[in-house]
Amino acid sequence: MDAYGAPVIGEHGRWLGIVVVMHDITELIKLEQIRKDFVANVSHELKTPVTSIKGFSETLLFGAYKNEETLLSFLEIIHKESNRLQMLINDLLDLSKVEQVGYEVSLKKVRLTDILERGLEMTSHLVEEKNMEIETTVDDSVHVLGDMNRLIQIMMNLLANAITYSPENTTVHVNIFKNEQYGIFQIQDEGIGISKSEINRIFERFYRVDRARSRNSGGTGLGLAIVKHLVEAHHGLIKVESEVGEGTTFTVYIPIAKS
Ligand code: ADP
């Protein structure tokens, strides 16, 4: 609590009382803490690949380049870590864009099955790597009001997560349907699931249930934070249900495009 007081003086200097103004600054302190945590997280996430790139390139420069095998394996690490840096920077820039007050997407009539088709193309290499199946049940007539590229981004992120957080040889089910108000797509996996205590936090920036697993699969921990903002920019909703060891279902509701 933050308070200021000032005396109130009437005619002839008569003392009438005191005006006290109180501000509840709990919310401000909380926001400041979130900001500090974010800066600390960004610094940490950037530092890890930079340290690695610097270390391996220095070792090469000091002579390790003479051994062809070492040269190749160190270059591969440097390349992988630079890719990681690039992904992180792209996600950070995108997040700061979609988080801005007043951020808007351009709304056009889009068919949800077209979005799914592009999402599947973009994740097909992951599906193949893990020998997974994608099973779809779709209503081809569902059109929503949305930004094509941003909807593809939402779909792709959720599909990639469903694949990443599932064991090999499992199936991801995608359903597309509608109700009066929304076009709906649902991505259901048979993966590791998310516990009740963590499920409310997964849309937070940099929150990861299993940091190592996310990092190994190239995750930045920003995907769902971006997805949530994008869904909200479409005046939509995103819901998640999960059972540890059984799987997770993300359901996205986007306002329907009539006629
Ligand atoms: P990441 O880049 O780490 O995947 P996201 O923001 O996309 O970041 O997701 C945040 C975290 O939520 C992930 O690290 C993971 O722990 C959890 N998560 C997301 N999708 C799933 C899923 N389908 N099944 C289990 N856990 C998931």
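Couple of notes before you dig in:
Here is a yes/no grid of residues against (1) touching a residue at least 60 places away in the same chain (Cβ under 8 Å); (2) assigned to a loop (DSSP other than H, G, I, E, B):
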site: 65; (1), (2): no, no
site: 73; (1), (2): no, no
site: 88; (1), (2): yes, no
site: 102; (1), (2): no, yes
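- Matching residues, the range 51-88, being exposed (fewer than 13 other Cβ atoms within 10 Å of the Cβ) and under 17 Å from residue 221 (Cβ atoms): 83, 86
- Selection of the range 187-223 for residues being of a type in the set (A, V, I, L, M, F, W, C), more than 7 Å from the ligand (Cβ to nearest atom) and in a loop (DSSP other than H, G, I, E, B) yields 203, 206.
- Against the numbered list (1) within 12 Å of the ligand (Cβ to nearest atom); (2) in contact (Cβ under 8 Å) with a residue 24 or more places away in the chain; (3) under 16 Å from the mean Cα position of the chain (by Cα), residue 172 comes up short only at (3).
- Residue match in the range 79-90 (condition: over 30 Å from residue 157 (Cβ atoms) and within 34 Å of the chain's Cα centre (by Cα)): no
- Neighbours by Cβ (under 6 Å, 6+ apart or cross-chain): first from the range 116-130, among the charged types (D, E, K, R); second not in a helix (DSSP H, G or I): 130/168
- The listed residue being within 11 Å of the ligand (Cβ to nearest atom), crowded, with 17+ Cβ neighbours inside 10 Å, among the hydroxyl-bearing types (Ser, Thr, Tyr) and closer than 27 Å to residue 49 by Cβ, out of 166, 242: 166
- Some residue of the range 225-240 being in contact with a Gly (Cβ under 7 Å, 6 or more places away or on another chain), under 25 Å from residue 43 (Cβ atoms) and assigned to a loop (DSSP other than H, G, I, E, B): no
- Exclusive hit being surrounded by fewer than 11 Cβ atoms within 10 Å (Cβ to Cβ), of a type in the set (Val, Ile, Thr) and part of a strand (DSSP E or B), set 39, 20: 20
- Taken over the range 120-145, the criterion of being exposed (fewer than 13 other Cβ atoms within 10 Å of the Cβ) and within 17 Å of residue 177 (Cβ to Cβ) is satisfied by 135, 137, 140, 141.
Bear in mind these aren't lab numbers, they're just calculated from the coordinates by the rules spelled out. Predicted model only: the values in this text are computed from it and were never measured. So basically every Cβ, Gly included, is an ideal-geometry build from the backbone, and we count neighbours across all protein chains shown.
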